[in-house]
Amino acid sequence: MTARHAMPAGDRPGIGPPLWLLAELTYRCPLQCPYCSNPLDFAQTRQELTTEEWVRVLRQGREMGAAQLGFSGGEPLVRQDLPELIAEARQLGYYSNLITSGLGLTEARVNAFRDAGLDHIQVSFQASDPELNNAVAGSRKAFDQKLAMARAVKKAGYPMVLNFVIHRHNIHQMEDIISLCERLDADYVELATCQYYGWAFENREGLMPSKAQLEKAEAEVKRYRERLTASGSAMKLIFVTPDYYEERPKACMNGWGSLFLTVAPDGTALPCHSARLMPIDFPNVRESSLHSIWYDSPGFNHYRGDSWMPEPCRSCDEKDKDYGGCRCQAYLLTGNADNADPVCSKSPHHDRILAARKAADHATAGLEELTYRNADNSRLFFRG
Amino acid sequence: MTELLEQIPRLRPGFRFQWEPAQNAHVLLYPEGMVRLNDSAGAVLKEVDGQRNVADIVATLEQQFPDAGSLEGDVSEFLKDAEQQHWIVFS
């Protein structure tokens, strides 16, 4: 999300309102993408929130000032109450985004969602051709369905946003991907290199592009972007490169508990959709109001401010810029979420990033060797 | 400049302009993004309705802000910038 101006004060000094609410409606999904950001043990999730519970969450969020709303998952389309939730969101004044694989979508549903007040549908693709797309998604018919739905979305008058998750097995397709988006008349194209959380962390060695692959892709995107500008195209290309090739960490989520509030399918409230993997007790919307969760819960206050920071962050003059990077990444790579994000070259654990880069230069694993995100594989993670 | 005055600006499809009490500001919402507008940007975009041309919008704003003098330059500059940002289109 773009936030060009200083954010206003919320109900507590120093804590602004949650302007972005992500509603992860379900972990159910017909696809099995090996880079899914859902938790590894998603299959043991307790009962999903009911329609009434979601409506309450939406109302409380809007009252606090949330303006952007994402319906995500899993595949949010498997929720039969989606039209009802969309209508409620519109009536409350949210700008609502549906983030979908396109599977389970029909032209009739695309139109019904528009009539209910949905603002935008983002369709995700896995590649620019059916073979690779379907192999990554673990579904034989996914690609054609996605194409048909992308066209239906455009036809219904929505802005078209296409999302491609980029990794070492499709990063060579950059030109083909952008050209496909141009043919579909996309307004926005997100080329998002995998971020290594959830299933993507598990599969990192098999997903992370090498430095050489990345540089080639960046050059291709740059060339294409210049071509688009020259032709007066309004298609906007966003290329998210992996932070594993940076020397300074990203300002993850614009700071912990600063703008973003995620509600997981079972009602667990999180400062980001990956935070569930951390050994922190996060509150649940079934037990507390969103207001007390955001402003008062220990989980959301855990990494606010900078008094929690150890060195090298504590005395670093860039700590107000990147907040020490990503807490989930610090936890996954060092075992302690307080540590500096190892992406930072000042981190004593930066060698772990260097090792991952080195591994990416020599990786040989094929797609078939990745652990695909499905309920059977998920059960292995919580049975141990 | 004359040409621009006759053109009719409207928000691009997928963009929504609204007042946000929690931010005490007008905002522009679009796919997965939000721009918080300052007072003058909010005042101009509030008049962008896809019906009236730039000259009408300038006239309306000059009525609203009689002490501000001629607004043609500022409003035109802002709208051209908004077009470059792909927030609005002219027809």
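Solvent-accessible surface, computed for protein heavy atoms with a probe of 1.4 Å, shrinks by 10 Å² or more for the following residues of the range B:29-54 when the other protein chains are added to the isolated chain: B:Leu29, B:Tyr30, B:Pro31, B:Glu32, B:Gly33, B:Met34, B:Val35, B:Arg36, B:Asn38.
Whole-Hz Karplus values for the range A:325-335 come out as x, 9, 5, 5, 5, 4, 5, 5, 9, 10, x Hz, taken residue by residue from phi with 6.51 cos²θ - 1.76 cosθ + 1.60 and θ = phi - 60°; glycine and proline positions read x. Residues of the range A:88-124 whose accessible area (probe 1.4 Å, heavy atoms of protein chains only) drops by at least 30 Å² once all protein chains are present, relative to their chain alone: A:Tyr95.
Spatially, the range A:325-356 and the range A:141-175 are offset by 33 Å when compared through their Cα centroids. Neighbours of A:Thr26 by Cβ distance under 11 Å: Lys/Arg scored +1, Asp/Glu scored -1, total -3.
By the Cβ distance rule of under 4.7 Å, the protein assembly as shown has these cysteines without a partner: A:Cys29, A:Cys33, A:Cys36, A:Cys181, A:Cys194, A:Cys272, A:Cys313, A:Cys316, A:Cys328, A:Cys344.
Per-residue ellipticity at 222 nm from helix content only, as computed over chain A with -39500 (n - 2.57) for each DSSP H run of at least four residues, stands at -10500 deg cm²/dmol. Straight-line reach from A:Lys216: taking Cα to Cα under 13 Å and skipping same-chain neighbours fewer than 8 places apart, the aspartates and glutamates in range are A:Glu175.
Springs between alpha-carbon pairs under 10 angstrom, Gaussian network model over chain A: which of A:Thr262, A:Thr364, A:Thr51 fluctuates most? Among A:Thr262, A:Thr364, A:Thr51, the largest GNM mean-square fluctuation belongs to A:Thr364. Other residues with beta-carbon under 13 Å from the beta-carbon of A:Gly366 carry, at +1 per Lys or Arg and -1 per Asp or Glu, a net charge of -2. Highest GNM mean-square fluctuation among A:Pro159, A:Pro271, A:Pro310, for chain A modelled with Cα contacts below 10 Å: A:Pro310. The residues packed around A:Phe260, meaning those with a beta-carbon under 15 Å from its beta-carbon, carry a net charge of +2 if Lys and Arg are +1 and Asp and Glu are -1.
Using a simple spin-label model with pseudo-atoms 7 Å out from Cα toward Cβ, B:Glu62 and A:Ser315 lie 6.2 nm apart.
Charges were assigned to the Cβ only: +1 to each Lys and Arg, -1 to each Asp and Glu. The resulting dipole of the range B:9-90 about its Cα centre is roughly 360 debye.
In plain terms, the chain from A:Arg223 to A:Ser292 could stretch by 20.0 nm, reckoned as 0.36 nm per residue minus the Cα-Cα distance. Per atom type, the protein assembly as shown shows carbon and sulfur on 48% of its accessible surface, probed at 1.4 Å.
Counting only lysines at least 8 places from A:Lys319 when in the same chain, those with an alpha carbon closer than 20 Å to its own are A:Lys250, A:Lys346. Taking the Cα centre of the range A:237-384 as origin and assigning +1 to Lys and Arg Cβ atoms and -1 to Asp and Glu Cβ atoms, the resulting dipole is close to 180 debye.
Between A:Leu332, B:Val75, B:Ala55, the Cα set farthest toward the positive side of the dipole of the protein assembly as shown (charges on each charged residue's Cβ, about the Cα centre) is that of A:Leu332. Centroid-to-centroid, using Cα positions, the range A:26-44 and the range A:251-288 are 17 Å apart. Surface analysis of the protein assembly as shown yields an accessible area of 43 Å² per residue, using protein heavy atoms and a 1.4 Å probe. Computed about the Cα centre, the dipole magnitude for the range A:19-153 is approximately 100 debye when only Lys and Arg (+1) and Asp and Glu (-1) carry charge, each at its Cβ. Solvent-accessible area lost on pairing B with A (1.4 Å probe, both sides summed) amounts to about 2100 Å². Karplus-based coupling profile of the range A:209-221, in residue order and whole Hz: x, 6, 4, 5, 4, 5, 5, 5, 5, 4, 5, 5, 5, with θ = phi - 60° in 6.51 cos²θ - 1.76 cosθ + 1.60 and x standing for Gly or Pro. Ordered from largest to smallest accessible area (heavy atoms of protein chains, 1.4 Å probe), the residues B:Ile88, A:Ile99 come out as A:Ile99, B:Ile88. Test of understanding: in a Gaussian network model of chain A with alpha carbons linked when under 10 Å, which of A:Arg248, A:Arg46, A:Arg225 would top the mean-square fluctuation ranking? For chain A, modelled as a Gaussian network with Cα springs under 10 Å, the answer is A:Arg46.
The values are calculated or read from the model by the stated rules, or taken from the named source; none is laboratory data. Keep in mind that what you see is a predicted model, and the values were worked out from it rather than measured. No Cβ is skipped: glycine too gets one built from the backbone with ideal geometry, and neighbour counts run over all protein chains shown. Heads up: the accessible areas ignore ligands, DNA and RNA and are worked out on the full protein's heavy atoms, side chains in. Shrake-Rupley method; radii C 1.70, N 1.55, O 1.52, S 1.80 Å.
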